[in-house]
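The values are calculated or read from the model by the stated rules, or taken from the named source; none is laboratory data. Source: prediction; values computed, not measured. FYI the Cβ positions are ideal-geometry reconstructions off the backbone, even for glycines, and counts take in every protein chain you see. Side chains are part of the model used for accessible areas, which takes the heavy atoms of the whole protein and leaves out ligands, DNA and RNA. Shrake-Rupley method; radii C 1.70, N 1.55, O 1.52, S 1.80 Å.
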There are 2 protein chains.
Amino acid sequence: MAREANVSVATVSRVLNGTAPVRASTRQKIMAIIEKHKFQPNALARSLVNKRTGMIGVLFPDSSNMFFSEVFGGAERAALKLGYTLFLCNTFSDPHKESEYLHLLCERQVDGLIFMGGRINARQCQDALVQEVIDIQKKTPIVLINGTLPGHPCHRVKTDEFMGTQLLVRHFIELGHERIGFLGGSLATTTTLEKLQAFKETLHANQLPYRQDWIRLGDFSIACGYQRMEQILAMQSRPTAVVCINDYVAIGAIKAALTRGVRVPEELAIAGFDDTQLSSAMNPELTTVSQNSDELGRTALAILSRLIQKEKAQQLTVLAPRLIVRQSTQRES
Amino acid sequence: MAREANVSVATVSRVLNGTAPVRASTRQKIMAIIEKHKFQPNALARSLVNKRTGMIGVLFPDSSNMFFSEVFGGAERAALKLGYTLFLCNTFSDPHKESEYLHLLCERQVDGLIFMGGRINARQCQDALVQEVIDIQKKTPIVLINGTLPGHPCHRVKTDEFMGTQLLVRHFIELGHERIGFLGGSLATTTTLEKLQAFKETLHANQLPYRQDWIRLGDFSIACGYQRMEQILAMQSRPTAVVCINDYVAIGAIKAALTRGVRVPEELAIAGFDDTQLSSAMNPELTTVSQNSDELGRTALAILSRLIQKEKAQQLTVLAPRLIVRQSTQRES
DNA sequence: TTGTACGCGTTATCAT
DNA sequence: ATGATAACGCGTACAA
């Protein structure tokens, strides 16, 4: 390339990296040729010898769920400051795609991995899938967000979802609600389990009824929220407040209620989870729990960065959730 | 690696790629060792000789805007089928970050580039920024989505935003509206210009008033929609319907109206643009124009794929938008 | 069918 | 200060 055109060989490298002193005159000469040819060093070759790509793989289940966008938005900002680039992989919650991307990222020699969703919060995760991650972890640092690898040590960052749910239920109780339901989520998922457990315990602790028919699971979508709320509304004896697994389900639930002419929050209070951008855009605005998604991504990346540099890092980081009270549970007076 | 453990050297390569016949027995032996060591070929070294990374860089302005997520969702699905992987880069609408990522992607030797937002739909784009893209285009295929490089030939896929706006205005006219406003967007942006032009012409063609004080620009955010609608509501003589630059602005506008006790659509009809996931989640549900975001991404990738294989591809592909009528302009009876 | 040797574009280690 | 040269891990003619 520029080598022939000019005079030297590896001196170019020194100019590009400032790794050794170079005479001003020759530097200028080289710089000129670089400019002229718009020379771009090949990062592949560079990484091949450096053993460092500056890439961090990010696995997440669903780009249509704003929560994840917000998390990796935070991670991306942090990454740029540290000189890393994110390699985003949408697994569409498909374990098979998850494995594919996992391999892809390893082949591509990413410096580290951030893992969200999928197998790391599956209730029953096949050993093979766990082992796959473990094997990778031997070579490449991994940080799990809101999940775990049962039976294996790993670095993780999570929101205290138990506390988050507790905040919500207590909020309802303070408002005088005694009939509280739970919508959305799936028992195949540990986060649903954790939230449901918190839901149950908090009700018990307050001598309130925990009724199976007020618990309507399903998935994490708007459609699910809509259907489940329709079922609730069709009941003789209904709750006066419902906790939803996330903002999407809550949005669906609100739609169903309003469509049936049920006023929110006057006749039925509804709360979400995640404090997605959506929750303040809705009307009524959604009461929810913030996972501080930005911070979640940021600290995951901070920890990963330490791991990559072989520094010690905290195994488990738990972030406190915040209750965000809005209109869907309480009208401002 | 496996070479020493076994017997051969490059035979491993033939096994991995099936590029030449290998005796069954030796293949088995090699496969066994690959399994045992969980051997992963190094994609960096491989790409270095192949001159093909299988990566497609995607520049987009804002991961918090669902529209873009939907577009690259479509692109990703198409990419996977063709054996490509997307390298997503959030430019945060910052020209500087745009340039940074552009260089990064080139150094990383992406096979192609998809460009959305930023400079490619800036009204006044510095020559240097355009030239930067042109220079890259000489080496790497690029497809532009909803944008252009003024004065230079380039491959692009776009929605007919002019027609989209026309559909909206005509919809209002058919509903009997004669006082129509326009909210959000920025004149620094060509898409705003195009939509505004369509807005103006359609009004004129129907002998309806085009009033400057009913045109309230700003940006593309919920907050903007909220503020602009507040301004509109404070006016003596207000429109009975407003076209918004996108769904986000429309959502803000609806919130402002409802907050002021103005009923939507009875007292004020509001329409968005993009048919984001949000639009059907809102209530009232949002009348909007679908850009077929999924298809936009899919065809951009299809064209890019042809370009990468040195095949001829259509320079300009225009997708027809679809009017989606929902509650924010018309209550079902 | 399989092994040898060179090249891909860098960086790093020696010399000079 | 700068020029050779050996890696890095892989594909691939070419030879065997």
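With 21 Å as the limit on Cα-Cα distance, the pairs of A:36/B:138; B:29/B:81; A:97/B:97; B:51/B:158; A:38/B:139 that go past it are B:29/B:81; A:97/B:97; B:51/B:158. Computed over protein heavy atoms with a 1.4 Å probe, the accessible surface of chain A works out to 44 Å² per residue. Each copy carries a label point for residue A:138 at 7 Å from Cα along the beta-carbon vector; from one copy to the others these points are 4.9 nm apart, nearest first.
For the segment B:41-47, counting C-beta atoms of other chains within 10 Å of every residue's C-beta and taking the mean gives 6.
Looking at the calculated P(r) for chain B, what percent of the C-alpha pair distances fall above 29 Å?
Details: 26509 of 55278 pairs.
I get 48 percent for the Cα pairs in chain B exceeding 29 Å.
Judged by the gyration tensor of its Cα atoms, with axes a ≥ b ≥ c, the stretch B:226-333 is prolate; a/c meets the 1.5 cut and a/b is the larger of a/b and b/c. Within the stretch A:21-68, the percentage of alpha carbon pairs spaced more than 13 angstrom apart rounds to 74%. Using only side-chain charges placed at the Cβ, +1 for Lys and Arg and -1 for Asp and Glu, the dipole size of the stretch B:2-41 relative to its Cα centre rounds to 80 debye.
Determine, from the Cβ-Cβ distance of residue A:306 and residue B:330 and an R0 of 56 Å, the FRET efficiency 1/(1 + (r/R0)^6), rounded to the nearest 0.05. Walk me through the numbers before you get to the answer.
Details: r = 56 Å, r/R0 = 1.00.
The formula returns an efficiency of 0.50 here.
Under a Cβ-only charge scheme (Lys and Arg +1, Asp and Glu -1), can you give me the dipole magnitude of the protein assembly as shown about the Cα centre, in debye to the nearest 20? The partial results should precede the final answer.
Numbers: 76 positive and 64 negative charges, 512 e Å.
I would put it at about 2460 debye.
For residue B:205 and residue B:138, the difference between the fully extended length at 0.36 nm per residue and the C-alpha to C-alpha distance is 19.8 nm.
From the gyration tensor of the Cα coordinates in the stretch B:78-194, what semi-axes in whole Å does the equivalent ellipsoid have, largest first, with each one equal to sqrt(5λ)? Don't skip to the answer; put the middle values down first.
On the way: eigenvalues 211, 59, 31 Å².
That gives 32, 17, 12 Å for the three semi-axes.
Provide the buried accessible surface between chains A and B in square angstrom, both chains summed, 1.4 Å probe, rounded to the nearest 100. Buried surface at the A/B interface: approximately 4300 Å². Specify the residue with the greatest mean-square fluctuation among A:60, A:92, A:39, computed from a Gaussian network of chain A linking alpha-carbon atoms under 10 Å apart. It is A:39.
Placing a label point 7 Å from the Cα of residue A:280 along the Cα-to-Cβ direction, the distances to the matching points in the other copies come to 2.7 nm, shortest first.
Return a whole-number percent for the relative contact order of the stretch B:107-213, with Cα pairs under 8 Å and 6 or more residues apart as the contact set. Spell out each step's value before the answer.
Numbers: 106 pairs, mean separation 27.5, N = 107.
About 26 percent, as a whole number.
Positive end of the dipole of the protein assembly as shown (Cβ unit charges, origin at the Cα centre): among B:9, B:24, B:162, the Cα lying farthest that way belongs to B:9.
Annotation for residue B:263 and residue B:193: the two label points, set 7 Å from Cα along the Cα-Cβ direction, are 4.2 nm apart.
Antiparallel DSSP bridges in the protein assembly as shown: what percent, to the nearest 5? Taking every DSSP beta bridge with both residues in the protein assembly as shown, the antiparallel ones total about 10 percent. Candidate cross-link partners of residue A:310 among the aspartates and glutamates, defined by an alpha-carbon separation under 13 Å and a same-chain spacing of 8 or more, comprise A:111. Compute the Cα gyration tensor for the stretch B:211-272, then decide on rounded, prolate or oblate, letting a ≥ b ≥ c be the square roots of its eigenvalues: rounded whenever a/c is under 1.5, prolate when a/b is larger than b/c in the other cases, and oblate in all that remain. Since a/c stays below 1.5, the shape of the stretch B:211-272 is classed as rounded. Note on the stretch B:2-41: Cα Rg divided by 2.2 N^0.38 Å, N the number of residues, gives 1.02. Would you give the gap between the C-alpha center of the stretch B:163-206 and the C-alpha center of the stretch A:45-77, rounded to a whole Å? Result: 39 Å between the Cα centres. Which stretch or stretches of the stretch B:283-305 have amide N atoms under 19 Å from the point lying 7 Å from residue B:81's Cα along the Cα→Cβ direction? B:292-305, by backbone N distance to the label point.
Between residue B:14 and residue B:32, the modelled labels are 2.0 nm apart [label points 7 Å from Cα along Cα→Cβ].
Classify the stretch B:161-291 as rounded, prolate or oblate from the Cα gyration tensor: take a ≥ b ≥ c as the square roots of its eigenvalues, call it rounded if a/c is under 1.5, otherwise prolate when a/b beats b/c and oblate if not. Could you put the intermediate results ahead of the total?
Values: a/c = 1.28, a/b = 1.12, b/c = 1.14.
It is rounded, given that a/c, with a ≥ b ≥ c, falls under 1.5.
Annotation: average projected area of the protein assembly as shown is 35.1 square nanometres, based on the convex hull of Cα atoms across all directions. Label-point distances for residue A:18 to the equivalent site in the other copies, using a point 7 angstrom along Cα→C-beta, read 5.0 nm when ranked shortest first.
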